[in-house]
Amino acid sequence: MSEPFQVSGLEDVASPALLVWPERVEANIAHMVAMCGGTDRLRPHVKTHKMEAVTRLQLAAGIGKFKASTIAEVEMCLVAGANDVLLAYPLVGPNQKRLVRLAGSYPGARLSFLAEGGDGLEGQGKLSEEAGVELGVFVDFDCGMARTGTESKEAAVSLAGAIASIDGLHFDGVHVYDGHLRASDPEQRRRDWISAMKLVGELLGALEKAGHPAPAVVGGGSPTFGLHARERSWQCSPGTTLFWDAGYGNAFPDLPFESAAAVFTRIVSRPGSNRLCLDLGHKAIASEGPLETRVHLVGLEHARAVGHSEEHLVLEVDGSAAGYEVGDSFVGIPRHICPTVALYQEATLVRGGSVTDERWQVTARNRRLSV
């Protein structure tokens with residue numbers, strides 16, 4: 001096992017398991033703060049870790065604003081002590097009332113959400129006003145991701161004006177996510193980013209001209225975090241930077257983050273002369289992407305994944321598997337840590353190269369906490 005992932009005490013850990021290195025999390029937070037020149041512009045996304053404990057580490061570092069994808073993540077941040085949380089998702093169905101209830105329960109906090117059009121905003125404003133709260137609204141602008149948001153600058157300007165006119169709501173600014181900009185070459189990534197941000201700049205100018213200047217702009221994910229941090233004054237919202245993973249580590253070696261979370265697995269069977277079966281199925285590691293890239297198993301780098309099902313990962317090794325025994329254990333760096341974390345109820349902490357008795361709950365893997 002390579003040095004950074006030599007861990008003692010794993011014999012007492014049931015597999016599969018999620019491991020987290022708190023010191024590395026804190027180092028990643030420090031890198032984020034340094035890249036932004038302080039904490040004021042940071043609004044990190046909590047969807048990667050979903051852990052109240054990690055949120056508290058960020059708060060302790062002076063970070064006060066957060067971004068979330070679910071109502072449960074918003075509540076987790078509030079319970080931890082955050083007072084400014086953006087739900088970076090459209091409000092639909094019961095979530096309209098749920099966010100209002102949270103705002104009422106935490107009157108000192110600023111809660112906001114995304115909107116790409118005017119549908120439902122009058123009703124949302126009425127719900128807020130009746131509850132005696134005010135929600136912020138960020139106009140969700142599509143700079144090329146083609147997932148949510150309006151790509152029309154005219155529609156975005158009109159929406160900002162509509163938000164400003166509705167009691168119970170407040171125009172908080174513009175949200176832009178550039179997750180489609182993933183070139184491994186830093187210079188190509190920067191060129192792509194400049195092109196996408198030109199569209200955002202045009203929108204900001206149009207808003208200013210219309211008398212609705214954006215109070216804030218929330219921009220970027222982890223691949224473009226360094227660009228937003230260095231070359232814009234906007235708020236930055238990276239998420240994967242907290243834990244990092246094999247996918248981003250391989251694709252973006254120019255970024256200074258280190259893997260702070262991993263999976264722990266054991267061989268449970270040797271179903272052939274050159275095959276190993278591990279307890280790392282779909283329910284233990286994210287199943288997206290090509291089979292052969294889903295996990296980097298330290299000590300099994302030359303094994304090839306040939307099968308993946310609910311509870312099993314089957315590998316083929318060169319030559320004979322006789323050198324491996326049922327019960328042998330391995331640490332694996334997921335290709336995508338965010339959906340992997342959500343598969344676990346808790347994480348086992350590793351400090352100083354040893355497993356500890358500490359556990360961090362994956363608080364917001366549940367879609368509902370109290371509202």
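Here are a few things to note about the model shown:
- Unmet criterion (only one of (1) in contact with a helix residue (DSSP H, G or I) (Cβ under 9 Å, 6 or more places away or on another chain); (2) surrounded by 22 or more Cβ atoms within 10 Å (Cβ to Cβ)) for TYR177: (1)
- Counting only helices (runs of 4 or more DSSP H) that fall entirely inside the stretch 1-116 and contain at least 1 residues that are touching an Asp or Glu at 6+ places or on another chain (Cβ under 9 Å) and under 17 Å from ALA347 (Cα atoms), the qualifying elements are 22-36, 52-60, 71-80.
- Here SER8 passes the criteria (1) surrounded by 15 or more Cβ atoms within 10 Å (Cβ to Cβ); (2) in the same structural domain as VAL341 (by TED's automatic domain parsing) except the one numbered (1).
- A search for C-beta distances below 7 Å between a residue of the stretch 104-115 that is modelled with pLDDT of 95 or more and any residue that is charged (D, E, K, R) and assigned to a loop (DSSP other than H, G, I, E, B), counting only pairs 6+ apart in sequence or on different chains, returns nothing.
- Pairs linking a residue in the stretch 83-95 that is farther than 17 Å from GLY219 by Cα to a residue that is in a loop (DSSP other than H, G, I, E, B), with Cβ atoms under 7 Å and 6 or more positions apart or on different chains, are ASN83/GLY64; ASN83/GLY108; ASN83/ALA109.
- In the set (1) more than 25 Å from the chain's Cα centre (by Cα); (2) surrounded by 18 or more Cβ atoms within 10 Å (Cβ to Cβ); (3) without any contact (Cβ under 8 Å) to a residue 60 or more places away in the chain, the condition left unmet by ALA286 is number (1).
- Strands (runs of 3 or more DSSP E) lying entirely in the stretch 227-337 (those with 2 or more residues that are out of contact with any Lys or Arg (no Cβ under 6 Å at 6 or more places or on another chain) and under 23 Å from PRO22 (Cβ atoms)): 261-272, 295-297, 329-334
- Count of the stretch 191-236 residues which are touching a Leu at 6+ places or on another chain (Cβ under 8 Å) and closer than 30 Å to ILE337 by Cα: 13
- Condition broken by SER269, with the remaining ones in (1) of a type in the set (S, T, N, Q); (2) surrounded by fewer than 19 Cβ atoms within 10 Å (Cβ to Cβ); (3) within 22 Å of the chain's Cα centre (by Cα) satisfied: (3)
- Sub-8 Å Cβ pairs linking a first residue in the stretch 205-218 that is touching a residue at least 24 places away in the same chain (Cβ under 8 Å) and under 15 Å from LEU42 (Cα atoms) to a second residue that is β-branched (Val, Ile, Thr) and not in a strand (DSSP E or B), at least 6 apart or interchain, are VAL217/VAL200, ordered by first then second residue.
The values are calculated or read from the model by the stated rules, or taken from the named source; none is laboratory data. If you're wondering where the values come from, they're calculated on a predicted model, not measured in any experiment. Cβ sites come from the backbone with ideal geometry, for glycine too, and all protein chains shown count toward neighbours.
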